Each structure stands twice: as structure tokens, then as C-alpha cells.
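Enquirer: Dropping a structure here in C-alpha cells format, bear with me for questions.
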There are 2 protein chains.
Amino acid sequence: MNAENPVRKSLQLLWYGLPDPKKGPKPTLTLEQIVRTAIGLADSEGLDALSMRKLAQRLDVGTMSLYRYVPSKTELLNLMLDAVSGPTHLRRTTFDAGWRVGLEGVGHGGRQQYLAHPWLLQVNWTRPVLGPNSVADMELIMTGLKDLPLSDREKMHVVVALDSYVTGAVRQEILSQRAAAESGMTDEEFWEAQAPFLYEIFDTGRYPTMASLSEDTFAGTWEESFDFGLRLLLDGIEQQLARRAESPDTADTPF
Amino acid sequence: MNAENPVRKSLQLLWYGLPDPKKGPKPTLTLEQIVRTAIGLADSEGLDALSMRKLAQRLDVGTMSLYRYVPSKTELLNLMLDAVSGPTHLRRTTFDAGWRVGLEGVGHGGRQQYLAHPWLLQVNWTRPVLGPNSVADMELIMTGLKDLPLSDREKMHVVVALDSYVTGAVRQEILSQRAAAESGMTDEEFWEAQAPFLYEIFDTGRYPTMASLSEDTFAGTWEESFDFGLRLLLDGIEQQLARRAESPDTADTPF
DNA sequence: CAAATGTAGCGTACGCCGTGCGCAGTCATC
DNA sequence: GATGACTGCGCACGGCGTACGCTACATTTG
């Protein structure tokens, strides 16, 4: 709760940045510059390639100089995360056309965001705190849901559910991308490399349903699959709302 | 496509294990033993603590001995993944009571699985191939959906959507657990450490909707939140099925 | 103007990691 | 008993995050 609380320190850095010093030599770098460069590095070469040494090299400073700005690599990742989490990807998304179109936009925007910065899904793993951009994002969405006949808690659940779906779906997509990339094959080549083996397995008769699936079961784009699931979820929300419209007196009951 | 194909080699190891040698000294270990110990280590101390050195130490062998059994750490992770991905967690789940109860069970089973082995969500990141257990899992589910008025492709989309949701939801849950654990606080302490800071932010008036949310918006258990989203998704599926029942002629149209 | 003081930059070093290489010991086969 | 494939594994290399403490410098203070 006091200043020496590590959580509080993290938040301080996220929301207010470094306190600028009054004495001593001028800093060569800025926090923002470091974060931006780190994001660029992670975008182009992957999170594994983002090391403090490489980052320092790209910024033309000594490795340990970075630690004047950032207390640890973990904290740097938190800063990167929030820097990229803002509502920028929602700019074109509004709730003017209703909650459904709005949430659909949020879903698609989120997907694009994750596809642009695949490392997001790895970094999040140790994310401890909320930054200004994440909060702004939430603000925008919750405002869009303001007039729905749901309790605040339910609205939050809806947002969490949507985010869960988006995150999980994109994760699978990136996973398959990465698997293909790592083996130096395209998605199709990779599949073709697996296929004969799997057919061999299916021929054992131990997996009759799998063996009987139609040829095009695994065809189709990731986007198609994403949209299918998103529609299911939105349909579910719509039904929940319809139920509320019928018996509005239960609007305050959890569910 | 031939034997020197690395994908094929991975699959070979997954499905058939090591070829047992005819000459030379008996191996001290088995593949299964290594995988099981590795899973135990990852379960109890986290994936970061799973190093080849530590694993070897726990198995009472030299570090490099492990490489007689497993070509690389990545391959070991693949083996761990499939070992744990089987339908074991579905044993109590059947589709006898209908698709909805079945899928609900799959969802809850998946959640339990991920909570028991939190490292699953980190490992998956480089997963390139399908193992026997994963396939058996899919077989079980697809068999349960056999009679639904959906195309195979749509059924697969349903399964993928469900898995996406489960994965994403559990990821958030584990994320928060881990954040709390790393700072050495309970979930509540962690929240309380953040709270005063956030209230400070809200008081600036820049986030009116967030500031106006009711006190209990963020209360509630993770399970409650999980169930809420799962229900939305299943409702969505149900509606899709209802539509098909009305106009069964469209059953083969993608959607 | 000069001294004191806090800060920036960063070289060195430590203890981790995955794993390529090649040697020594073991044992089924001929 | 000789052969040769196979097991176990020590050593070493090149990476990683980062603690420590030195030097250089800009500002404040006297």
C-alpha cells in the first residue's frame, strides 16, 4: 500500500512513467523509445529474440544501461503489453449501430491486434497489473454496453467471455502459423506432411468417427472459423437479452 | 514425407515411441518415465523450473543421457502435451444425456485439466503435431455430435469454438493466479494493493463509466464467470440447431 | 567560481540455460 | 572371444538475466 510495495511501483511506472531527474547528466533514451523498440523487435523477430542484449544493441547503448529505465525484463514486458493494448485498434469500432455490431467490432479488432503482435499471448502470462490503455479500452466497451438490461457484473462477464473466446481462438491460429513456420513449411505443406501418417492411423479402425469425416472438415480459413464461433457467442448474448426483455423484473438477479 | 522428414519423426515418436534396441546395454530409463517425471516437475514447480539439468537430476542420471531418449526439449514438451491431453479428464463425461450436457462436460473437463497442469497453456505455443491422445479426445467428442443436423465442418467449428473459449477463459484465470502468486500475495491482497491506486485514477473523471460501476462488478468466482460464458456459447449453439430444425434443407449449407 | 552530490552509462562477472561432440564402458551377436 | 552397436555422460560453447560498483558528468550549493 505504501511506496515500497512492488505492485504499487509497477503501477507507478505504467501510469506516470519515470520521474525526471533534476540533477545529473541528461538521459540518452526515453522509456517510450525503449518500449517502442522492444515492440518492434518482438514483432519482427519473435519474443524469444527479444533479449536485453539485443535490445540494447539496437538502441546503441550498453546492455546494463537499460536497467536505468526499467527495473527488470518483466516490467518491460508489462509496459509493452499496455502500450499495445489500447483502444487504438477499436478506433473504427463504435457502438452507434448497437451492441451487437459493437461487440463484433471489438472481437475482430482484438483478433487483428493479436495477429499483429503475436507475442502478446506469450507475454500476458505474467501480467500482474492494469495500465492506462487497458483501462481506456475497458471504459470504451463498458460505455457501449451501458443501456443493456444486465447488471454491471453480468456486463463484465460478457466482456470477459468475449475476450476469452477471442484470445483462445487467435491462440490456435497463431499456434498453427508458428508450427508451420518453425518447420519451414507453409500451412498446406505441413498438413500434407502429417496427412499420410494420420490416414494410416485412421485405417486401424480405432477412430471410426474421425475416419468417416468428410474431406472438407478441416478446410476453410481461420477467419471463417473465428466468425462462426463469434456468431455463436453473440447469439447467446442476444438470447440472454431477449429473456430479460420478457421478464425485466429479474434484471438484477445475477443470472 | 519420407523418414528423414522431421514432422514424420515427431509423429513416429508420439505414436510408436522409441524403437527398442537389440544390441548393447539395457537403457536405464523409459520414455514414459521421463515424460511422467517431467510432467510432475512442471506441475509442482512450473514450466520455467523444468530444465534438462533438473529433470536429469530428479531421474538420477547425467544431463546428456536424456538426449538418448528425446531428440530435444521441444520434442519432450510435445510428448508431455499429448500424455496429458487424453480423454482421461472426460471419463466421467458422456453424451448420453444429449449434446448440451456432453459439451458442458467437455468444457468443465477441459478447465479442470488446464487448472491441474497450468503449463499446458505455455507449452502449446510450439505444438506442431497431433498425438494419439489428442486424436482419441477428438474422436470421443465428434462421436457425441454425430447426430446433430450440422455438417462435419460445422461440427468441427463448434468444437474449435468451445475449445477456444475454454482455453481463453482458463488462461485468464491462471494468469491472475500467477500474478498473485508471483507477488507473494493472495488474490484478495493483490487486488487490495491495486485498488487504492485505481480509485485514484478513476477520480480523475477520465473514466466515468468505469468509475460508476457497482462495487460487486469484479466480485464473484472464476468458476461463476466461466459458467456464464459457457452458457452463452451453448445457447448460441442451441439457437443454431433450432434454426436448422425449422429449415432442415439448409443443413448442408456452410452457414 | 569551486565543491559536493546524485545520476547516467556500462564493463565485468555469476549462475543459469539447451545441447553438440566424442570418449568409455556394456552386452547381444557371430 | 572378438565385434560393433548402443548407453551413459563430462566437457565446452554460446546464449540468457541481472547484481555490483566504477567513471563521467550536470546540477545544486556554498
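The values are calculated or read from the model by the stated rules, or taken from the named source; none is laboratory data. Every value quoted in this text rests on a predicted model; they were computed, and no experiment measured them. Neighbour counts run over all protein chains shown; Cβ positions are idealised from the backbone, glycine included.
Enquirer: Spot the failing condition for A:K146; the list is (1) facing another protein chain (nearest Cβ under 10 Å); (2) crowded, with 18+ Cβ neighbours inside 10 Å, and only one is missed.
Expert: So the condition that A:K146 fails would be (2).
Enquirer: Within the stretch B:61-82, work out how many residues are within 8 Å of DNA strand D (Cβ to nearest atom) and within 14 Å of chain A (Cβ to nearest Cβ).
Expert: 0
Enquirer: Considering only residues that are near DNA strand C (Cβ under 9 Å from one of its atoms) and buried (at least 16 other Cβ atoms within 10 Å of the Cβ), which ones fall in the stretch A:30-60?
Expert: A:A56, A:L59 - these are the residues of the stretch A:30-60 that are near DNA strand C (Cβ under 9 Å from one of its atoms) and buried (at least 16 other Cβ atoms within 10 Å of the Cβ).
Yes/no per residue for (1) within 30 Å of the chain's Cα centre (by Cα); (2) more than 9 Å from chain A (Cβ to nearest Cβ):
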| site | (1), (2) |
| --- | --- |
| B:S164 | yes, no |
| B:L198 | no, no |
| B:T209 | no, no |
| B:A219 | yes, no |
| B:S225 | yes, no |
| B:G236 | yes, no |
| B:R243 | no, yes |
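Enquirer: Restricting attention to the stretch B:217-233, does a residue exist that is more than 30 Å from B:G98 (Cβ to Cβ) and in a helix (DSSP H, G or I)? Reasoning before the result, please.
Expert: Filtering the stretch B:217-233 down to residues more than 30 Å from B:G98 (Cβ to Cβ) leaves B:217-219.
After this cut, where a residue has to be in a helix (DSSP H, G or I) as well, the list is B:217-218.
Yes: the stretch B:217-233 contains one or more residues that are more than 30 Å from B:G98 (Cβ to Cβ) and in a helix (DSSP H, G or I).
Listed here are the residues, each with its yes/no results for (1) more than 26 Å from B:L120 (Cβ to Cβ); (2) touching a strand residue (DSSP E or B) at 6+ places or on another chain (Cβ under 9 Å); (3) surrounded by fewer than 18 Cβ atoms within 10 Å (Cβ to Cβ); (4) not assigned by TED's automatic domain parsing to the domain that holds A:W119.
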{"position": "A:G168", "(1), (2), (3), (4)": "no, no, no, no"}
{"position": "A:T204", "(1), (2), (3), (4)": "yes, no, yes, no"}
{"position": "A:E215", "(1), (2), (3), (4)": "yes, no, yes, no"}
{"position": "A:A219", "(1), (2), (3), (4)": "yes, no, yes, no"}
{"position": "A:W222", "(1), (2), (3), (4)": "no, no, no, no"}
{"position": "A:R244", "(1), (2), (3), (4)": "yes, no, no, no"}
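Enquirer: Restricting to the stretch B:171-189, and then to whatever is in contact with a Ser or Thr (Cβ under 9 Å, 6 or more places away or on another chain) and more than 7 Å from every other protein chain (Cβ to nearest Cβ), can you tell me which residue is surrounded by the most Cβ atoms within 10 Å (Cβ to Cβ)?
Expert: B:E173
Enquirer: Filter the stretch A:19-41 for residues that are under 23 Å from the mean Cα position of the chain (by Cα) and either more than 15 Å from A:L120 (Cβ to Cβ) or more than 11 Å from DNA strand D (Cβ to nearest atom) (or both) and give the result. First the steps, then the outcome.
Expert: In the first step, residues of the stretch A:19-41 are kept if they are under 23 Å from the mean Cα position of the chain (by Cα); the result is A:31-41.
Listed by number, the residues that qualify are A:L31, A:E32, A:Q33, A:I34, A:V35, A:R36, A:T37, A:I39, A:G40.
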